Amino acid sequence: MIAGKPIGFIGLGTMGTPMALNLAKAGTPLFVWNRTPDRCASLAQAGAGVASDLDDLFARCGTVLLMLENDIATDAVLGRGTTSFARRVEKRCIVSMGTVSAEYSRQLSEDIRASGGRYVEAPVSGSRKPAEAGQLVGMLAGNAVDLDLLRPLLAPICKQVFDCGEVPGALHMKLAVNTFLITMVTGLAEAGHFAARHDLDMVRFAEILNAGPMASDVSKMKIEKLRHRDFARQAGISDVLKNSRLVIEAARAAGMAFPLMKVCEALYAETEAMGCAEEDMIAVVRAFEARTLR
């Protein structure tokens, strides 16, 4: 987005690594950094530069994409609250692609602008497999000029991007999308639990669901994982619990009811407490099974 300067990418986790790899494979001039250096190896093999430290990355890059877990990690990377903050954000565009609190994002945007930088929200909808395929859905909020410049950069990552107005419009939109995703997958887990407890043929159960009007890419993927008890992480229990709490926080701030999300939060918290934090979200079926055995 700034002529002659490479793009920075920070946060090489479950989603960040395939996203950064797609940028590198598309020929994007890219520098990466991660708190765990070993995660940079695949990016180096794909042609990305590896920054020696955070200051090195910010010094090299005019636009920095952040795919970080939460506000604490974001503040640490940006040096917010320290003398490093202004130096890292001044004359740069900071693009936050993770799912954080909408109010936190609004305040961060103000602080970055006050320090001479620019800020864009760009959360994405999708899990690990869509990230690997470059088929995520992006939601953008910020200055219209910045969004126009950012959109082509995201082409190797997202199949579509949508403008959502000013910050924190993109995060509010992401939380609305997550409300549907979380309640849908939780309902699928309960339906699968019901079918299993009645000794139904789970292959036929999946066939009927996949043939019906409720079928989607997500439901087809999750019903196969549920049927095979394949809980390998795509969207993890811990992430879904975090997102549930962000939805509830935003709902409370708006003075609205959130009965389904309250139930989902309890179920994902119970699943995490069983030691399943790193399992896929469909492992929430364990909470239904545990309640059944009481």
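For this structure, a couple of remarks:
- Charge tally in the Cβ shell below 9 Å around Cys61, where Lys, Arg are +1 and Asp, Glu are -1, Cys61 excluded: +3
- Förster-model FRET efficiency, 45 Å R0, Lys91 and Ala176, C-beta, rounded to 0.05: 0.85
- Within a straight-line Cα-Cα reach of under 20 Å, Lys159 can be paired with the following aspartates and glutamates, leaving aside sequence neighbours fewer than 8 residues apart in one chain: Glu121, Glu132, Asp146, Asp148, Asp217.
- Segment Glu132-Asp148, length gained on full extension (0.36 nm per residue, minus Cα span): 3.3 nm
- In angstrom, the C-alpha Rg and Dmax of region 7-167 are 14.2, 39.
- Total lysine pairs under 21 Å (Cα atoms) in region 160-294, excluding pairs fewer than 8 apart on one chain: 5
- Per-residue packing, averaged as other Cβ atoms within 10 Å, sorts the ranges 86-92, 249-255 into the order 86-92, 249-255, beginning with the highest.
- Taking packing as the residue-averaged number of other Cβ atoms within 10 angstrom, the listed peptides 26-34, 50-58 run from highest to lowest as 26-34, 50-58.
- Here's how it looks for Gly47: its modeled amide H is under 5 Å from none belonging to a residue 5 or more places away or on a different chain.
- Each peptide in 107-114, 235-242 was scored by the mean count of other Cβ atoms within 10 Å over its residues; highest first, the order is 235-242, 107-114.
- Convex hull per residue volume in Å³, alpha carbons only, for region 186-271: 113
- Pairwise centroid distance, computed over Cα atoms, of region 47-88 with region 154-207, Å: 31
- Under Karplus coefficients 6.51, -1.76 and 1.60, residue-wise ³J(HN,Hα) of region 66-82 in Hz, glycine/proline x: 10, 10, 10, 5, 7, 5, 5, 5, 5, 4, 5, 5, 7, x, 4, x, 10
- Cβ-Cβ FRET estimate between Val263 and Ala196, R0 fixed at 22 Å, reported to 0.05: 0.60
Throughout, read-outs are computed from the coordinates displayed, never taken from laboratory work. Since we're looking at a predicted model, the values are computed, not measured. Positions of Cβ are backbone-derived with ideal geometry, glycine not excepted, and every protein chain shown enters the neighbour counts.
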